[in-house]
Amino acid sequence: MQSNEPAEAPVDSRVDSPTPGRRPNPVPGEAVPPAARRRLERPPSDRYAIREPETTPTGSTIRAVVGATVASLVGAAIVVILASPLALSEPLVLVALATGLAAGHAARWGAGRVASSRRRRAIAALVVIAAIAGAQIVVWQLAIAEGGVLPLADYLLTVFGPVAPLELVAAGAAAWATA
């Protein structure tokens, strides 16, 4: 026959004699002390996160200078073609503005993450201003070759008026803003 006395619960030997470095198994319903709680390396939601591959910094200051220089020289060539053989002064500011935008983007692309924004802006603005000023000097030299006698400043202000200095301002500001 069976007795009505409750049988003793089996004793887990691992709980009574814990081994060093091993946590004891908790009894169901028992609160786990905070020191014994297991911490995850990262939250479970991280597995759903979109991971972007870690990229190494690309670009360099030299690439920023080269990119801005190429874009500026193309724009300066267009300015020379429009100002000298075609004798157009109206679109010169727009061409200088587009040249500044292109030089700024090229400097940003060339510098990548290596150069600071201040350095990129300075590179783009200085290169484009030098290129547009060089284009104005080339236009003046072409005018002298055709028989002109005015000095540079007088020639630019007489022939182009406020367009010549405005070209430099527009190109520099556009390069500074986009780099």
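Before moving on, here are some points about what is shown:
- Considering the conditions (1) touching a residue at least 12 places away in the same chain (Cβ under 8 Å); (2) not in a helix (DSSP H, G or I), L150 is excluded by exactly one of them, (1).
- Any hit, region 26-41, residues being among the basic types (K, R) and at pLDDT 80 or above: no
- The residues of region 162-178 that are closer than 15 Å to R120 by Cβ and of a type outside the set (G, A, S), listed by number, are W176, T178.
- Filter result for A164 (among the small types (G, A, S), in contact with a helix residue (DSSP H, G or I) (Cβ under 6 Å, 6 or more places away or on another chain) and more than 16 Å from L101 (Cβ to Cβ)): yes
- Residue check for G161: loosely packed, with under 14 Cβ neighbours inside 10 Å and either in contact (Cβ under 8 Å) with a residue 40 or more places away in the chain or not in a helix (DSSP H, G or I) (or both): yes
- Between L40, L97, the distinction of being touching a residue at least 12 places away in the same chain (Cβ under 8 Å) and out of contact with any Gly (no Cβ under 9 Å at 6 or more places or on another chain) belongs to L97 only.
- Residue that is assigned to a helix (DSSP H, G or I), crowded, with 23+ Cβ neighbours inside 10 Å and in contact (Cβ under 8 Å) with a residue 12 or more places away in the chain, where the choices are A143, A133, A124: A124
- Among (1) at pLDDT below 90; (2) in a helix (DSSP H, G or I); (3) within 30 Å of G148 (Cβ to Cβ), the one test that D46 misses: (3)
- Filtering region 71-90 to residues that are in a helix (DSSP H, G or I) and either touching a residue at least 60 places away in the same chain (Cβ under 8 Å) or under 28 Å from the mean Cα position of the chain (by Cα) (or both) leaves A71, S72, L73, V74, G75, A76, A77, I78, V79, V80, A83.
The values are calculated or read from the model by the stated rules, or taken from the named source; none is laboratory data. All of these numbers come straight from a predicted model, not from anything done at the bench. A quick note on method: Cβ atoms are made from the backbone with ideal geometry, for glycine too, and the neighbour counts reach across all protein chains shown.
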